Amino acid sequence: GREVALVRTAGNVRVAVFSLLGRVFMPPVDCPFEAADRVLGGLPEDVKVIVLDFHAEATSDKQLMGRHLDGRVSAVLGTHTHVPTADERILPGGTAYQTDLGMTGPIWSVIGFAPRTVLPRFINALPTRFEVGEGAVVFNASQIDIDPATGRALAIERIQRLIEV
């Protein structure tokens, strides 16, 4: 798909959103640090609010990306593990950071799947068909306040809600 999505908010603020893949414990991909620099170098100068979804397994990958982009993007938000981390913060350069946002899916599941369909794969080491879990859903997210003039994050708040379905 596209390398970056440029959108406008209801208040007419231009926002860039892009996603990168980590390398540690993941299928081989191009260097995400070089890719981030390339994306940022290609953005129009008037785009100040920039959000990165960094889909990576290792916390070290995510933490290093946060430091690499601190002060150059509004937020670095990790995804992949489906478990929210309690490390939301504003980095020294003004970038909102969280190692993993978590997931939106059945709370009594294994990353969204019914445990009874996942367990055999771990016991027998053979492929099994996973089924989506059922019941109450957990909604994980973060709310970030960003200064549209500078692109700097002002606040980040982790959100977790349980929704009965």
Q.
With a 1.4 Å probe and all protein chains left in place, how much accessible area per residue does the chain have, in Å²?
A. 59
Q: Quote the accessible area belonging to M26 in square angstrom, nearest 10, computed with a 1.4 Å probe and with ligands, DNA and RNA left uncounted.
A: 40
Q: Per DSSP H run of at least 4 residues, take -39500 (n - 2.57); add these up for the chain, divide by its residues and hand me the 222 nm value, nearest 500 deg cm²/dmol.
A: -5500 deg cm²/dmol
Q. What is the helix-to-structure angle for 115-124, meaning the angle in degrees between its Cα long axis and the longest Cα principal axis of the chain, kept from 0 to 90 and rounded to the nearest 10?
A. 80
Q.
Considering only protein heavy atoms and a probe of 1.4 Å, how much of the accessible area of the chain is carbon and sulfur, as a whole percent?
A. 57
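Taking N as the number of residues in the stretch 14-54, what value does Rg over Cα atoms divided by 2.2 N^0.38 Å take?
Numbers: Rg = 11.5 Å, N = 41, 2.2 N^0.38 = 9.0 Å.
Scaled against compact globular proteins, the figure is 1.27.
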Q: Report, in degrees rounded to the nearest 10, the 0 to 90 angle that the Cα long axis of helix 32-41 makes with the longest principal axis of the chain.
A: 40
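Assuming 0.36 nm per residue, please report the length gained on full extension of the stretch E157 to R129 beyond their Cα-Cα distance.
Values: separation 28, 0.36 × 28 = 10.08 nm, distance 3.61 nm.
That pair, E157 and R129, stretches by 6.5 nm at full extension.
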Q.
Under the rule of at least 5 residues apart or a separate chain, name every residue whose amide H is placed under 5 Å from the amide H of S142.
A. I159
(Q) With both bridge residues required to lie in the chain, what share of the DSSP beta bridges run antiparallel, to the nearest 5%? (A) 55
**Q.** Derived scalar couplings ³J(HN,Hα) [the stretch 65-82; Karplus, 6.51 cos²θ - 1.76 cosθ + 1.60; whole Hz; x for Gly, Pro]
**A.** 5, x, 5, 4, 9, 4, x, 10, 10, 7, 8, 10, 10, x, 9, 2, 7, 6
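Can you tell me what the convex hull of the Cα atoms of the stretch 105-150 projects to on average, as an area in nm²?
Numbers: hull surface 20.9 nm².
If you wrap the Cα atoms of the stretch 105-150 in a convex hull and average its projections, you get 5.2 nm².
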Q | Mean Cα-pair separation over length for the chain, i.e. relative contact order, pairs under 8 Å, 6 or more apart, % | A | 17
Q: Putting +1 on Lys and Arg Cβ atoms and -1 on Asp and Glu Cβ atoms, find which of P28, G41, T79 reaches farthest to the positive end of the dipole of the stretch 1-89.
A: G41
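Roughly what % of Cα-Cα distances in the stretch 1-127 sit above 27 Å, to the whole percent?
Tail fraction, whole percent: 28.
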Q. Name the trypsin sites (Lys or Arg not before Pro) in the stretch 29-84 that are in a loop by DSSP and that have at most 16 other C-beta atoms within 10 Å, would you?
A. R72
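On a full-extension model of 0.36 nm per residue, what is the gain between E3 and R116, subtracting their alpha-carbon distance, rounded to one decimal in nm?
On the way: separation 113, 0.36 × 113 = 40.68 nm, distance 3.79 nm.
Net length gain for the segment: 36.9 nm.
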Q: Compute the FRET efficiency between V83 and E34 as 1/(1 + (r/R0)^6), taking r as their Cβ-Cβ distance and R0 = 25 Å, and round to the nearest 0.05.
A: 0.30
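The values are calculated or read from the model by the stated rules, or taken from the named source; none is laboratory data. Source: prediction; values computed, not measured. Using ideal geometry, Cβ is built from the backbone for each residue, glycine included, and neighbour counts are taken over all protein chains shown. Only protein heavy atoms, including side chains, enter the accessible area calculation; ligands, DNA and RNA are left aside. Shrake-Rupley method; radii C 1.70, N 1.55, O 1.52, S 1.80 Å.
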